[in-house]
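The values are calculated or read from the model by the stated rules, or taken from the named source; none is laboratory data. Please read these numbers as outputs of a predicted model, since none were measured by experiment. Positions of Cβ are backbone-derived with ideal geometry, glycine not excepted, and every protein chain shown enters the neighbour counts.
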Ligand code: HEC
Ligand code: HEC
């Protein structure tokens, strides 16, 4: 075997073992759940009005656009000091849907047209395809409020866990 072939084989077996370890195997794993990445400033600043949305739910261009318009954030002023803003943006970009090697993130990124820069996860084709059996009336229930309130139904949403065993729709 040629030296370069050995190296490639070595790299791919190490990567495969790594992802098996990370996923824990089985249906719930396999890179299906988003990695539970955390940044203290993100956690503190981006969860005061709603849950902290895991970075793997939107592509880099969406986070950049959002972070450059925090003064007009969905009708709210969510302005941060420049250092905090830069650190959070860096964290979001590094773990964004198009930077992550997670399968769910891949599908989210692929469901967005190249020229589209959605600021809402709930507007992506991926989200809508996964929630088309839930009626608008269900989303409007008092205990839910809107589709944006992931954590009302997905108990593990802030940890990036959207597995079916963790879904409970409040009445
Ligand atoms: C002052 C309150 C406030 C803060 C602070 C805030 N947000 Fe928001 N955010 C909102 C509101 C209001 C909405 C719209 C929610 C709705 O329509 O139900 C929203 C929506 C979002 C959405 C879209 C959710 C969807 O519908 O898919 C994302 C993503 C988001 N925020 C990210 C962030 C990030 C990242 C930060 C931290 C830098 C942040 N938010 C800080 C108020 C806030
Ligand atoms: C009203 C409850 C509800 C809300 C709110 C909700 N979801 Fe869901 N979600 C569901 C249900 C139910 C399913 C399962 C659909 C199915 O299996 O057909 C689902 C499926 C999913 C899946 C696919 C799970 C899988 O294993 O295939 C993802 C990812 C997801 N939701 C993310 C989100 C995100 C992100 C938000 C917030 C922006 C959100 N959901 C808000 C109820 C909800």
Return yes or no: is residue 89 free of Cβ contacts under 8 Å to residues at least 40 places away in the same chain, part of a helix (DSSP H, G or I) and either more than 13 Å from ligand 2 (Cβ to nearest atom) or surrounded by fewer than 16 Cβ atoms within 10 Å (Cβ to Cβ) (or both)? yes
What number of residues within the range 135-164 satisfy the criterion of being at pLDDT below 95, outside any loop (DSSP other than H, G, I, E, B) and more than 9 Å from ligand 2 (Cβ to nearest atom)? 2
Of all residues being near ligand 2 (Cβ under 9 Å from one of its atoms) and assigned to a helix (DSSP H, G or I) in the range 102-128, which is nearest to residue 67 (Cα to Cα)? Just the residue, please. 121
Does residue 78 satisfy being touching a helix residue (DSSP H, G or I) at 6+ places or on another chain (Cβ under 6 Å), part of a loop (DSSP other than H, G, I, E, B), within 25 Å of residue 164 (Cα to Cα) and near ligand 1 (Cβ under 10 Å from one of its atoms)? no
Identify, by number, the condition in (1) in contact with a strand residue (DSSP E or B) (Cβ under 9 Å, 6 or more places away or on another chain); (2) surrounded by fewer than 13 Cβ atoms within 10 Å (Cβ to Cβ) that residue 145 doesn't meet. (1)
Picking from 70, 119, 57, the residue that is at pLDDT 95 or above and surrounded by fewer than 15 Cβ atoms within 10 Å (Cβ to Cβ) would be 119
Being surrounded by fewer than 16 Cβ atoms within 10 Å (Cβ to Cβ), within 10 Å of ligand 2 (Cβ to nearest atom) and either assigned to a helix (DSSP H, G or I) or modelled with pLDDT under 95 (or both) is the requirement here; does residue 84 meet it? no
Among the residues of the range 46-75, which ones are more than 7 Å from ligand 1 (Cβ to nearest atom), out of contact with any helix residue (DSSP H, G or I) (no Cβ under 8 Å at 6 or more places or on another chain) and touching a residue at least 12 places away in the same chain (Cβ under 8 Å)? 61, 62, 65
Name the one entry in 43, 99 that is part of a helix (DSSP H, G or I), surrounded by fewer than 18 Cβ atoms within 10 Å (Cβ to Cβ) and more than 8 Å from ligand 1 (Cβ to nearest atom). 43
